[in-house]
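**Q** There's a structure below that I have some questions on.
The values are calculated or read from the model by the stated rules, or taken from the named source; none is laboratory data. All figures in this text were calculated on a predicted structure; none of them were measured in a lab. Positions of Cβ are generated from backbone atoms using ideal geometry, with glycine treated the same way; all protein chains shown enter the neighbour counts.
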Amino acid sequence: MNKPDIKQYLVRPFSVLAMVFASPSAQGARPIAASGAFYSCRCILDVNAVGNITIVTSSITIAFTGMLSGTLVATEVDAFYPNGNLLVSISGTFSGTVAGQSGTAEISGTGGPITRGSGTGMLDWVIGQGTLGLAGLHGHGLFQQPIFGPAIERCSEGMVIGDYSARIQLGH
């Protein structure tokens, strides 16, 4: 019987990270510090088990304010371990404005272990593959100090509110 391996759920963000930092344009532009707030809403798509690890796949929408202003529509895969730890992987498309330039870009990230019940954690992420005014955009950052909140009218499965910080480069 073919059992899915947990690694298959977490590999993509690391390969995107390698591509972003290897990019010539990522090495030539001047970095800009970026920060702001975010809130996310999720809809659970699938729940399955790999051994004693529970894998939850969700569709997620994250709204950004601050230097990044717009929306990320993504897929999130959460791996819940029996000891209460959580690993997170996210990948999707951002549409909006970065440092006054508009377009789309890909964002991928991983985080953990986040201890269930603590209400806090960090997720490292990368942004790249921009279009229109965001062509040549590259960077990396953190989603940090999320506060897990109750479901609101727009969020079927609850929401996460927190801050982000990043170093980004806009180069054409």
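Listed here are the residues, each with its yes/no results for (1) in contact with a strand residue (DSSP E or B) (Cβ under 7 Å, 6 or more places away or on another chain); (2) without any contact (Cβ under 8 Å) to a residue 24 or more places away in the chain.
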{"residue": "S59", "(1), (2)": "yes, yes"}
{"residue": "G66", "(1), (2)": "yes, no"}
{"residue": "L72", "(1), (2)": "yes, no"}
{"residue": "P82", "(1), (2)": "no, no"}
{"residue": "L86", "(1), (2)": "yes, no"}
{"residue": "V98", "(1), (2)": "yes, no"}
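**Q** Also: Only one of I107, I114 is farther than 25 Å from I32 by Cα and either touching a residue at least 24 places away in the same chain (Cβ under 8 Å) or small (G, A, S) (or both); which? Spell out the reasoning first.
**A** Working: I107 fails: farther than 25 Å from I32 by Cα.
On inspection, the qualifying residue turns out to be I114.
**Q** Is the range 47-62 home to any residue that is crowded, with 16+ Cβ neighbours inside 10 Å, among the small types (G, A, S) and in a strand (DSSP E or B)?
**A** Checked against the condition, which is being crowded, with 16+ Cβ neighbours inside 10 Å, among the small types (G, A, S) and in a strand (DSSP E or B), the range 47-62 yields at least one hit.
**Q** Further, regarding this structure: Can you tell me which condition E157 does not meet? The list is (1) over 13 Å from the mean Cα position of the chain (by Cα); (2) at pLDDT below 75; (3) surrounded by 17 or more Cβ atoms within 10 Å (Cβ to Cβ), and all the others hold.
**A** (3)
**Q** Output the residues belonging to the range 89-105 that are surrounded by fewer than 21 Cβ atoms within 10 Å (Cβ to Cβ) and in a strand (DSSP E or B). Walk me through how you get there before you give the answer.
**A** Initially, the range 89-105 is screened for residues surrounded by fewer than 21 Cβ atoms within 10 Å (Cβ to Cβ), giving 91-93, 95-97, 99-104.
Residues satisfying the conditions are S91, G92, T93, S95, G96, T97, Q101, S102, G103, T104.
**Q** Do you know which of the residues in the range 110-130 that are among the β-branched types (V, I, T) and either within 20 Å of T75 (Cα to Cα) or touching a Cys at 6+ places or on another chain (Cβ under 7 Å) (or both) is modelled with the lowest pLDDT? Reasoning before the result, please.
**A** To start, the set of residues in the range 110-130 that are among the β-branched types (V, I, T) comprises 110, 114-115, 120, 126-127.
Right, trim to either within 20 Å of T75 (Cα to Cα) or touching a Cys at 6+ places or on another chain (Cβ under 7 Å) (or both) and you get 110, 114, 126-127.
Numbers: T110: 86, I114: 70, V126: 87, I127: 87.
Per the criteria, the residue is I114.
**Q** Can you tell me which residue among L72, L10, L17, L86 is assigned to a strand (DSSP E or B), at pLDDT below 85 and within 17 Å of the chain's Cα centre (by Cα)?
**A** The unique qualifying residue is L86.
**Q** Being at pLDDT below 90 and under 15 Å from the mean Cα position of the chain (by Cα) is the filter here, so list the residues in the range 89-109 that pass it.
**A** Selection gives G109 alone.
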